[in-house]
Amino acid sequence: MTAVGAEEIGNSDVVEQRIDELLNRMSLAEKIGQMSQLSAGSGYAPDYLGEGLRQGRIGAVLNVVDVETVNELQRIAVEESRLGIPLLVGRDVIHGFKTIFPIPLGQAATWNPEIVRMGARFAALEASAVGINWAFAPMIDISRDARWGRIAESFGEDTYLTSLMGVSMVQGLQGDDLSEPGSIAACAKHFAGYGAAESGRDYATTNIPENELRNVYLPPFRAAVDAGAVTLMTSFSDLDGVPATANDFLLRDVLRGEWGFTGFVVSDWDSIHQLQVHGLTADDEGSAFAAITAGVDMEMSGDVYAGQLEKLVDEGRVSIGLIDSAVASILRTKFQLGLFENPYTNPGDYPPIANEATLEAARKAASQSAVLLKNDNNALPLSVDKLARLAVIGPLADAPYEQLGTWIFDGDPNLSITPLQAIRDLVGENVEVRFVAAMQTSRSRNTEAFDAAFEAAKDSDAVLLFLGEEAILSGEAHSRANIDLPGAQAELVRRVRETGKPVIAVIQAGRPLTLTNIVDEVDAILFAWHPGTMGGPAITDLLFGVESPSGKLPATFPRMVGQIPIYYNQKNSGKPPSADRILHIDDIEERAPQTSFGMSAFHLDAGFMPLFPFGHGLSYASFEYKNIRTNQTAIARGERIVISAELSNSGTVAADEIVQLYVRDLVGSVTRPVRELKGFQRVRVEPGQTISVSFDLHSDDLAFFGRDNRRTVESGEFHVWIGGSSAAELRGEFRLVDRD
Ligand code: GLC
């Protein structure tokens, strides 16, 4: 095979030539071997995988994370097989490897793509040091349902924000050159529509009309593909009756036909076999046929391809061309990664795990991810000078593992700095810190220690209540039908409230929670998601005003779980709610007459507004927006319009604000959302300062998939808002005109 110099590794012509050369030398069995990824575990993997490697029947492994085993598996594949094809080594590097960053939903709350890119870069470096060359990330499933456990690993409900964050994670993982040490293959997942699982129950059916699929769920994957993501993973879920793992509309028509994707598609864990469980196929042969013809190139942790493809080719039911195309796409990634030149890993070639730069990036990410939901009476920030005693109460104040969140197979809780540790470090001898866990876990219903919590709070100047969910209460297969604070936490809040002291709730969770039953019982709420390794210092810096909170919600917080699905960019309906009317059922007279006149789309017992809307997040500064204007009243296709406003800080501290731009297309060939995020920027505003913020919008930013499911930009009237959340009131307008 053609040997190449380092500068040629990524050269696409050279890569294609090398693929052709290698394919011509491969047997059918060796080709099918490349299409199989097996879980390796660690330690004795070379024993039970060794023979398969020598025979060229394994193209990739996952879940092996000790570099000695990885190097031995690579050595067998490269030096003891006939063709010496190196292995892809995959792992769920979702929000960090050893050093853990905030869960992706928290990273989305930073509204800072650079934070996401850096986090992925540090994760890729730490993972590369043990021989991992493929991360099963970014997860870019749009989720409008906080019951769904995997909302934790998503970037939330918005297509635009998710697209930007997904691209940033791809860039961080793959770097500028895939063959560079420290660059690893990304895997955009789960293609597609997984987040629409009915009732938020993981793995459940999804029914998404094509127009909704194209306008809401597919754009983040298109953006990831355009950003160069070299692999995608199919979703477990059934999409409109055809599970994604056998969905040729997704994998052939859209992904390759419309988008020109040249990487490869991997199934999810055993999802090819599951086609039989779905009831799409009758047996492994049918599953193999359905998946390979739909466009799944590699099987993750299953034996369907290994057991069935050779027979299907011999019988002429699957063409060798289809096999070659799949194998070529897998080899392409291996060549691009430079694995043929450098299959082995020397940990000494990489920076130390959890080095200072990595920890600082994790702290910064955690700091920018926290969202200040409420801050009455300026309860925050706390001041060391004004505190003699501080009560720190709750099961999540000192939980080094739990603060890491879900999908942290390799995270090291010994690296965690908890809020309690960080608070003690910051206040030193100046403040007496009294810690009472009060509950063994967030789910506990044992209130025996609540008296001790009450006493600690009563004797303190302020109370920090650390509440939320443990990591295991979100993530894959961990959906909740009730998304209140678990256990007796609400009772603990009420008990502590009886002291009359200022109470600040710091909530760590893997999803939006329904906080309606405690929101009026506390003075402030800082929502920290699962903040990762450096969650303690980040939260503490925010609580004591070293930093001002700047996070903004990437997902809506419902008042009640019964409002779900609830999201800001909803359609108007024919009877939109006019005011936030909550008709408590007991407010209705004895015999309320049946009428629909004047009625509108809301719940009698919850209204229609969320508790906290998408994009919401307070600051220690006081921001006001005024004077929105557009530089023109109308534009034609191909033209741009600049929308500006003034932002003032009438507060006493400088702070960052995430300024957001929303657009509404009032009339379309299909109904359009009442608002859509079309831009955001982080700006710093000094006390007393007024700055101008502007957004430069191109007519193409107004495109959507119309009645014929083709991308279009339609003329008409548009409204625009600039503000600090999706509830922004400062509104402007412009027209898009048909000007030839
Ligand atoms: C899991 C997940 C997927 C993950 C894979 C490997 O079931 O659905 O996101 O990457 O298996 O762990």
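Annotations
- Segments 684-690, 716-722 sorted - mean Cβ within 10 Å per residue, highest first: 716-722, 684-690
- With 0.36 nm allotted per residue and the present C-alpha distance subtracted, the residue 684-residue 546 stretch has 48.2 nm of extension available.
- On the principal axes of its alpha carbon atoms, segment 623-737 extends 53, 23, 18 Å, with the longest extent given first.
- Taking 16 Å as the straight-line reach from the Cα of residue 364, the lysines in range (excluding those fewer than 8 positions away in the same chain) are 552.
- Under the simplified labelling scheme, the residue 68-residue 315 pair shows an inter-label distance of 4.6 nm, with each label point 7 Å from Cα along Cα→Cβ.
- Accessible surface of segment 623-737 [probe 1.4 Å, protein heavy atoms]: carbon and sulfur percent: 44 percent
- Beta bridge orientation in the chain: antiparallel %, DSSP, nearest 5: 55 percent
- By accessible area, using a 1.4 Å probe on protein heavy atoms only, segment 363-543 has 43% of its surface on carbon and sulfur.
- Separation between Cα centres of segment 608-667 and segment 1-36, rounded to whole Å: 51 Å
- Kirkwood hydrodynamic radius over Cα pairs of segment 540-658, then Stokes diffusion coefficient at 4 °C and 1.567 mPa s, in µm²/s: 70 µm²/s
- Residues 740, 324, sorted by accessible area with the largest first, give 740, 324 [1.4 Å probe; ligands and nucleic acids excluded].
- In a DSSP loop and with at most 12 other Cβ atoms within 10 Å, the chymotrypsin sites (Phe, Trp or Tyr not before Pro) in segment 499-603 are 597.
- Under the combined filter of DSSP loop state and at most 15 neighbouring Cβ atoms within 10 Å, segment 426-470 retains these GluC sites (Glu not before Pro): 429, 448.
- The largest-to-smallest principal axis extents of the Cα set in segment 1-133 are 50, 39, 23 Å.
- With N counted as the residues of segment 302-384, its alpha-carbon radius of gyration over 2.2 N^0.38 Å works out to 2.22.
- Annotation note: chymotrypsin sites (Phe, Trp or Tyr not before Pro) in segment 278-370 located in DSSP loop regions with a Cβ neighbour count of at most 11 within 10 Å are absent.
- Degrees, to the nearest 10: 67-79 long Cα axis against longest axis of the chain: 30 degrees
- Reachable lysines from residue 311, criterion Cα separation under 19 angstrom, eight or more residues apart if same chain: 31
- Principal axis box of the chain, alpha-carbon based, largest edge first, Å: 77, 68, 54
- Extending 7 Å from the Cα toward the beta-carbon at both residue 13 and residue 700 defines two label points whose distance is 2.8 nm.
- With DNA, RNA and ligands ignored, accessible area of residue 66 (1.4 Å probe; Å², nearest 10): 40 Å²
- Put simply, when 697-703, 381-387 are sorted by average Cβ atoms within 10 angstrom per residue, most first, you get 697-703, 381-387.
- Additional length obtainable on full extension of the chain from residue 180 to residue 517, 0.36 nm per residue less Cα span: 116.2 nm
- Residue-normalised accessible area of segment 426-538, given per residue in Å² at a 1.4 Å probe: 33 Å²
- Centre-to-centre separation between the Cα atoms of segment 69-146 and those of segment 169-202: 9 Å.
- The slack in the chain from residue 494 to residue 377, taken as 0.36 nm per residue of separation less the alpha-carbon distance, amounts to 40.3 nm.
- Among 502, 265, 439 - extreme Cα towards positive end, dipole of the chain, charges at beta-carbon: 502
- Nearby aspartates and glutamates by direct alpha-carbon distance to residue 98 (threshold 12 angstrom, same-chain neighbours under 8 apart not counted): 126, 410, 412
- Rounded Å value of the spacing that divides the Cα centres of segment 490-541 and segment 339-409: 16 Å
- P(r) histogram, all alpha-carbon pairs of segment 363-543 included - 10 Å bins from 0, percent: 10, 42, 38, 9, 1
- Ordered from highest to lowest accessible area with the whole protein assembly present and a 1.4 Å probe, 178, 513 read as 178, 513.
- The residues of segment 56-197 present an accessible area of 19 Å² per residue when probed at 1.4 Å with all protein chains retained.
- When Rg and the Kirkwood Rh are both derived from Cα coordinates, the Rg/Rh ratio for segment 1-66 amounts to 1.07.
- Apolar share of the accessible surface for segment 95-225: 50 percent from carbon plus sulfur atoms, 1.4 Å probe.
- When 271, 578 are compared by accessible area at a 1.4 angstrom probe, the order from most to least is 578, 271.
- Probe 1.4 Å, protein heavy atoms only - accessible area per residue of segment 623-737 in square angstrom: 44 Å²
- When the P(r) is computed for segment 399-472, the part past 20 Å accounts for 42% of the Cα-Cα pairs.
- When both bridge partners sit in segment 363-543, DSSP labels roughly 15% of those beta bridges antiparallel.
The values are calculated or read from the model by the stated rules, or taken from the named source; none is laboratory data. Not measured: the values here are computed from a predicted model. For neighbour counting, all protein chains shown are included, and Cβ atoms are generated from backbone atoms with ideal geometry for every residue, glycine included. Heavy atoms of the whole protein, side chains included, go into the accessibility calculation; ligands, DNA and RNA do not. Shrake-Rupley method; radii C 1.70, N 1.55, O 1.52, S 1.80 Å.
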